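Novice: Input: one structure, supplied below.
The values are calculated or read from the model by the stated rules, or taken from the named source; none is laboratory data. Quick caveat: nothing in here was measured; it's all calculated off a predicted structure. Glycine also receives a Cβ, built like all others from the backbone with ideal geometry; neighbour counts cover every protein chain displayed. Note: accessible area is taken over every heavy atom of the protein model, side chains too, but ligands, DNA and RNA are not part of it. Shrake-Rupley method; radii C 1.70, N 1.55, O 1.52, S 1.80 Å.
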Amino acid sequence: MPSLVDISPIAESESCYVRLKGLTWATYKSMLQDWGDERHTLLAYHQGILDIFMPSEMHEIIKAFRGSGLSAAALELNMPFKATGSITFNREDLSRGVEPDASFYFQNAYKVRGHHIDLSQQPPPDLVIEVDISHPSKVKFPIYLALGVPEIWLYDKEIYIYHLKSGVIS
């Protein structure tokens, strides 16, 4: 018998983060389709747990600043890259999906340029950026680990850089 959905508010301030437990992959995919691409929420699905993030205005400002700064640096260094923003990265076989605040391909830019990104066919982004203003981004780290994302930049009043090494984020 399927479990009931447990709705647990996580953050008190700004009511910007909600966790739903007991959701199937099909329900998650249905929500993505029903809500569409023009929503103002980010979703992270991890084996039955769905985290819904509603970014604040300050979060979006910092995200844009960090992402555009990284893009400008790559252009200045004449480094090939593809900025993929907050697109949805899914792996049904792992029962995981995530929408980062920002994401980039550098080493693998040539593998995804001109393609719809499908993580069963292409590699994960080389770098994701997460901004902790109104919600805890570290809940997404196990998903990034499972998807094979090699580097995470976390902004929480300063920038912390995490690397994927031997199946551990350090």
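Novice: For the subset of the stretch 40-59 comprising residues that are more than 14 Å from the chain's Cα centre (by Cα) and more than 14 Å from C16 (Cα to Cα), which member is surrounded by the fewest Cβ atoms within 10 Å (Cβ to Cβ)?
Specialist: Q47
Novice: Which numbered condition trips up F81, out of (1) surrounded by 17 or more Cβ atoms within 10 Å (Cβ to Cβ); (2) under 29 Å from C16 (Cα atoms)?
Specialist: (2)
Novice: While we're on this one: If you scan the stretch 99-109, which residues turn out to be assigned to a loop (DSSP other than H, G, I, E, B) and not charged (D, E, K, R)?
Specialist: Passing the criteria: P100, F106, Q107, N108.
Novice: What residue, of F89, F104, is closer than 21 Å to Q33 by Cβ, open to solvent by less than 60 Å² (accessible area, probe 1.4 Å) and either in contact with a Leu (Cβ under 8 Å, 6 or more places away or on another chain) or not acidic (D, E) (or both)?
Specialist: Result: F89 is the single residue among F89, F104 that is closer than 21 Å to Q33 by Cβ, open to solvent by less than 60 Å² (accessible area, probe 1.4 Å) and either in contact with a Leu (Cβ under 8 Å, 6 or more places away or on another chain) or not acidic (D, E) (or both).
Novice: Please name all residue pairs, on different chains or six or more residues apart, with Cβ atoms under 9 Å, provided the first residue is in the stretch 145-168 and is in contact (Cβ under 8 Å) with a residue 40 or more places away in the chain and open to solvent by less than 70 Å² (accessible area, probe 1.4 Å) and the second residue is part of a helix (DSSP H, G or I) and not aliphatic (A, V, I, L, M).
Specialist: Pairs found: W153/R66; Y155/K63; Y155/R66; Y155/S137.
Novice: Being in contact (Cβ under 8 Å) with a residue 24 or more places away in the chain, open to solvent by less than 30 Å² (accessible area, probe 1.4 Å), in a strand (DSSP E or B) and within 26 Å of I133 (Cβ to Cβ): is that true of I62 here?
Specialist: In short, no.
Novice: So which residues in the stretch 126-144 are open to solvent by less than 50 Å² (accessible area, probe 1.4 Å) and either within 12 Å of H46 (Cβ to Cβ) or free of Cβ contacts under 8 Å to residues at least 24 places away in the same chain (or both)?
Specialist: V139, K140, F141, I143, Y144
Novice: What's the number of the condition E14 fails, among (1) within 16 Å of the chain's Cα centre (by Cα); (2) open to solvent by 30 Å² or more (accessible area, probe 1.4 Å); (3) within 23 Å of F141 (Cβ to Cβ); (4) modelled with pLDDT under 90?
Specialist: Going through the list (1) within 16 Å of the chain's Cα centre (by Cα); (2) open to solvent by 30 Å² or more (accessible area, probe 1.4 Å); (3) within 23 Å of F141 (Cβ to Cβ); (4) modelled with pLDDT under 90, E14 breaks only (1).
Residue-by-condition table, conditions (1) assigned to a helix (DSSP H, G or I); (2) of a type in the set (A, V, I, L, M); (3) free of Cβ contacts under 8 Å to residues at least 24 places away in the same chain:
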{"residue": "L75", "(1), (2), (3)": "yes, yes, yes"}
{"residue": "I87", "(1), (2), (3)": "no, yes, no"}
{"residue": "D93", "(1), (2), (3)": "yes, no, no"}
{"residue": "G97", "(1), (2), (3)": "no, no, no"}
{"residue": "P124", "(1), (2), (3)": "no, no, no"}
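Novice: Now a separate question. When you scan the stretch 111-125, how many residues do you find that are surrounded by fewer than 16 Cβ atoms within 10 Å (Cβ to Cβ) and modelled with pLDDT of 90 or more?
Specialist: 5
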